[in-house]
Amino acid sequence: MGSLGFENYLFIVSFVLLVVLFSSPNIVSSSVEEANALLQWKSALQRIPKSMQSSWSLLPHKSTNSSSNRNTSRLKSLNALGLYTNNLDGPIPSSIGNLSNLVYLYLYKNKLSGTIPPKIRNLTNLIAIGLSDNLLFGSIPSSFENLINLIELTLFSNQLTDFTPPELGNFKLLASLALSTNNLSRSTPPSLGDLKSLSYLSFFTNRLSGLILSSIGNLSNLAYLYPHENKLSGTIPPEIRNLTNVVKITLSDNFLFHSIPSSFGKLSNLTLRDQFNNQLTGSIPLELGNLKLLERLSLHINNFSGSIPPSLGDLKSLDYLYLIKNKLLDYLAGRGYKHDLVKKNREHRLDRTSRSSIIFLLPCNLELSVGYGITKISSLLSTAQTLNS
């Protein structure tokens, strides 16, 4: 998921020592049941990388290989399984439920298909599941409700069609939930608001409908919220003001309407805010000028009206401002840009040379790209007037 940098965000497992099967000289376990579960899976695979064909084997019962015996004695029971980025295909076998001591399960970036086996409910010690970038389909099984120790659940870039069960609220320890780029439908469950430990939430590029629930305001630890490219409708709940730790929010490409809550101005840590391509109306809140760390503000392709608030000129960190395709007054029909915002940006922003460029999208649908070091706001607006005339 190159979009929005999720792979850089997986800090949760950075300290984990994985037992990576394709690099181990012998994969064994003191539990015969666990070993057989892995071997059954191997026999079911349609394609196995050559690097794994010899190593993914069980030693003969009377083997005297001292090096192998040492490895066996150290691996008392399998608690981490990493088969990621291996071109593996076929289904995930139900026998994976026999690996009852697993804590970390990483099978991402393969070609695994079929449904997620319900017997995954037996893996009650799991802290992290990574099944992203596969060809899995069907529903996310309700048996996930048993996995109450989960901290990370990563299922993005599959073909899953049914959203997580109402029991989602059982995951009290869950810090990262990534469900984007699937075919998930229905509405978001109310129990989502029970995930008080959640720091990362993404379910963009799905077919989710319904409202953004007010219970989203319960997620006080949330830093990244990505529900864009769905069919969400209704208003933006004012309870979003409670997300005081949030850094990035993208609500774009939905069917949200009415005005932006002024409570957005309380999100002082916000650096990115995208709400373009909705049906938002009313004026742009003055309170957005309180977001001193904001680097990008995208409000284009909506129905905003009135004037651009001069408080936006206080956003000294702002690199990108997108306002085209709205019904903002002051600047249509080639009137020019005669707002106090011009003065503030001349003083605070566009005289700086620490950044290389800015893309400034005016309400008159004009797109310009200029360098800070060679152009000031006055010449930019002079050009805009000339091209609009």
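The values are calculated or read from the model by the stated rules, or taken from the named source; none is laboratory data. Everything numeric in this text was worked out from a predicted model, so none of it was measured. When we count neighbours, we look across all protein chains shown, and the Cβ atoms used for this are built from the backbone with ideal geometry, even at glycine. Protein only, heavy atoms only, side chains kept; ligands, DNA and RNA dropped before computing areas. Shrake-Rupley method; radii C 1.70, N 1.55, O 1.52, S 1.80 Å.
Available extension along the chain between Asn221 and Lys119 is 33.6 nm, counting 0.36 nm per residue and deducting the alpha carbon span. Once you place label points 7 Å from the Cα toward the Cβ at Asn87 and Asp162, how far apart are they in nm? Placing both labels 7 Å beyond Cα along the Cβ direction yields 3.4 nm. Between Asn149 and Ser268, the simple label model (points 7 Å from Cα in the Cβ direction) yields a spacing of 3.9 nm. Using R0 = 41 Å, the C-beta based FRET efficiency linking Asn36 and Ser209 works out to 0.40. Amide H contacts for Leu160 (H built 1.01 Å from N in the peptide plane; partners 5 or more residues away or on another chain; cut-off under 5 Å): Asn183. One equal scatterer on each Cα of the range 167-217, no solvent, Debye formula: the resulting log10 I(q)/I(0) at q = 0.14, 0.15, 0.19, 0.31 Å⁻¹ is -0.34, -0.39, -0.63, -1.32. Lys327 label point, 7 Å along Cα→Cβ, cut-off 20 Å on backbone N: hits in the range 243-284? Hits in the range 243-284 for Lys327 at 20 Å: 253-262, 275-284.
Rounded to the nearest Hz, the phi-derived 3J(HN,Hα) couplings of the range 187-194 under the Karplus curve 6.51 cos²θ - 1.76 cosθ + 1.60 (θ = phi - 60°) are 10, 6, x, x, 5, 4, x, 8, where x marks glycine and proline. Taking amide H as placed 1.01 Å from N in the peptide plane, the amide H of Ser187 sits under 5 Å from that of Ser209, each at least 5 places away or on another chain.
Two-decimal Rg/Rh of the range 86-130 from alpha-carbon positions, Kirkwood Rh?
Working: Rg = 10.4 Å, Rh = 11.0 Å.
Dividing the radius of gyration by the Kirkwood radius yields 0.95.
P(r) tail for the range 188-271, what percent of Cα pairs lie past 14 Å? When every Cα pair of the range 188-271 is considered, 61 percent fall beyond 14 Å. Across the range 130-137, coupling constants 3J(HN,Hα) worked out from phi with the 6.51/-1.76/1.60 Karplus curve, θ = phi - 60°, read x, 10, 6, 6, 10, 10, 6, 9 Hz, and Gly and Pro carry x.
Within 10 Å, count the other beta carbons around each residue, average over each peptide in 221-229, 234-242, and list them highest first. Present the calculation step by step, with values, prior to reporting the outcome.
On the way: 221-229: 21.6, 234-242: 17.4.
Packing order, densest peptide first, comes out as 221-229, 234-242.
Any of Lys248/Lys316; Lys196/Lys266; Lys172/Lys266 with alpha carbons more than 23 Å apart? Name them for me.
On the way: Lys248/Lys316 17 Å; Lys196/Lys266 20 Å; Lys172/Lys266 26 Å.
Check vs 23 Å cut-off fails for Lys172/Lys266.
Projecting label points 7 angstrom from Cα along Cα→Cβ for Ser94 and Ser197 puts them 3.0 nm apart. In order along the range 230-243, phi translates into HN-Hα couplings of 9, 10, 5, 9, x, 9, 7, x, x, 5, 4, 4, 6, 7 Hz, rounded to whole numbers, per the Karplus curve 6.51 cos²θ - 1.76 cosθ + 1.60 with θ = phi - 60° and x for Gly and Pro. Around the amide H of Gly234, modelled in the peptide plane, lie the amide H atoms of Phe257, all under 5 Å away and 5 or more residues distant in sequence or on another chain. In the context of the full set of protein chains, residues of the range 258-305 present 37 Å² of accessible surface per residue (probe radius 1.4 Å, heavy atoms only). When Lys109, Lys327 are compared by accessible surface with a 1.4 Å probe, the order from highest to lowest is Lys327, Lys109.
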